[in-house]
1. Which pairs break 23 Å Cα to Cα here: Lys151/Lys453; Lys35/Lys371; Lys2/Lys154; Lys322/Lys371; Lys148/Lys388?
2. Enter the accessible area per residue of the range 373-447 (Å², integer; probe 1.4 Å; all protein chains in place).
3. Tell me, how many Å apart are the Cα centres for the range 22-71 and for the range 389-423?
4. Between Ser391 and Tyr107, 0.36 nm times their residue separation minus their Cα-Cα distance comes to what?
5. For an R0 of 25 angstrom, estimate the FRET efficiency from the Cβ-Cβ distance between Ala429 and Glu373 and round to the nearest 0.05.
6. On a full-extension model of 0.36 nm per residue, what is the gain between Lys128 and Ile38, subtracting their alpha-carbon distance, rounded to one decimal in nm?
7. Given points 7 Å out from each Cα along the Cα-Cβ axis, report the Asp181 to His45 separation in nanometres with one decimal.
8. Where Rh denotes the Kirkwood radius from the mean inverse Cα pair distance, what is Rg over Rh for the range 203-280?
Amino acid sequence: MKEWAKLALTEATQAGCDYADIRIGQLANEEIRIKNGIVEHLHHHTDRGFGVRVLIGDGWGFASRPQLDDNEVVSAVREACEVALASQTVRREPVNLTELEAVEASYQTQLTIDPFNVPLEHKLFLLKRAEAALHINEHIVVGLAMMKCSKEKKWFYSTAGSAIEQETVIVGAGLQVISSDGKDVQVRSYPNTFSGNYAQAGYEFIELLDLVQHAPRIAEEAVQLLTAEPCPTQVGTLILHGSQLALQIHESCGHAVELDRVLGEEAGYAGKSFLTIDKLDCYRYGSEIVNLTADATTAGGLGTYLYDDDGVPAGRVPLVEKGILVGYLSSRETAPQIGRKSGGAMRAVGWQNVPIVRMTNIHLEPGQMSKEELIATTDEGIYMEGIKSWSIDDRRYQFQFGCEIAWEIKNGKRGRLFKNPVYQGTTPAFWQNCDGIADEQDWMLWGFINCGKGEPMQMIAVSHGTSTARFRNIQIGVAEQ
Ligand SMILES: [Zn+2]
């Protein structure tokens, strides 16, 4: 790898580049999905290639190749330089980059069982057993069991003198069940929608999910939902379980603090942000107890690494402190535009894509009370779990979410089951009405593998740590117009 890197960086320097890096990547990916007892999808994918990024004056260029040899390396550098020279002619603002320290480093996901050493038969057996356990009666019309494992190796070299090697292993699995009585259709998922829960870990993470044990419970809930009352429309107290709050954090905080969106440099998939830079360090985003952090160092997070794809060390960046907006997700290029240093959030999906500002792991920091206390101190409210539908505008301001299941909270206790719960609001009003966050006992990481951004689209994996939290004066159900 080092020889190809040396060739690329020498070629780039000779061509007059002010900065250049090469990212060599190698990916193995396995996906399994079982539907109603049948293996519906079994996919194994490997690829290898490299991407070269160069800066000439104020123009960026990028080129990638699926073959790794001397000729391809030289040809990619030349193509990237041509793109950079063309970019320079249309660029209006100068490029100022956060300084980089030269490092030599390596990183590997901490794991016990390499998922690629687990026989396929073993994985199929587990998924088949779990899927079969969903079929508790004739109302179950679809049972799904899913698993994904990936291993990505990445070698990064830059003209700043960095040589960084990182290996990331991501695993996860989940169940989904659809019930029907001929009149209504309901759905439940475990541990969450979007194919389950995912982490940077070994196969032991999948075993700990204990899919077989949880299957009958979600199937039972899916059947009960068929005859449950619809969630009543009201302005009231909402308690959100982490499975849904993770998506709320993702959409209303994570995407809203991507500095390239904020600066108007990126609007492709999907939009800009209402959290403009005049709001930094003064805007009340949430209540006093709301602390949100971007943390690329969280063990097991899908947005965890040692260095980002700019070669910047991973760190912990406060986004919202005591309710005030205090930070953004940034890169070497975007951070200096607000007088800061890069927060290390540049990530590319695969060797074939250019890095862009992405979420790392965005957490809602845990509160003081237990989840039981949070519910016990609620006289009246609705408790919701599980992602079902989501919609947010292209400034990340106004949203509506639907959940899989809800329960009434009455006099501090969980009561009747409700179907089709939805809630809506605006981002600041929602977070400003947060008056209770459960403690670290309830706090856990929710890993999503389907965060899309950019054109061409890059689908990246991110995690959100959160516990259950309570929000007052929320429009629950569809507001009357
Ligand atoms: Zn996303």
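The values are calculated or read from the model by the stated rules, or taken from the named source; none is laboratory data. Just so it is clear, the structure is predicted and the values come from calculations on it, not from any experiment. We place every Cβ from the backbone using ideal geometry, glycine too, and count neighbours over all the protein chains shown. Side chains included, ligands, DNA and RNA excluded: accessible areas come from the protein's heavy atoms. Shrake-Rupley method; radii C 1.70, N 1.55, O 1.52, S 1.80 Å.
1. Values: Lys151/Lys453 21 Å; Lys35/Lys371 35 Å; Lys2/Lys154 12 Å; Lys322/Lys371 21 Å; Lys148/Lys388 21 Å.
From the list (Lys151/Lys453; Lys35/Lys371; Lys2/Lys154; Lys322/Lys371; Lys148/Lys388), the Cα-Cα distance tops 23 Å for Lys35/Lys371.
2. Details: 3170 Å² over 75 residues.
About 42 Å² of surface per residue is accessible.
3. Result: 37 Å between the Cα centres.
4. Values: separation 284, 0.36 × 284 = 102.24 nm, distance 3.66 nm.
Separation in residues times 0.36 nm, less the Cα-Cα distance, equals 98.6 nm.
5. Numbers: r = 25 Å, r/R0 = 0.99.
Computed FRET efficiency for Ala429 and Glu373 comes out at 0.50.
6. Working: separation 90, 0.36 × 90 = 32.40 nm, distance 0.82 nm.
Roughly 31.6 nm would be gained on extension.
7. Here the answer is 4.1 nm between the modelled labels.
8. On the way: Rg = 19.5 Å, Rh = 16.8 Å.
Here Rg/Rh amounts to 1.16.
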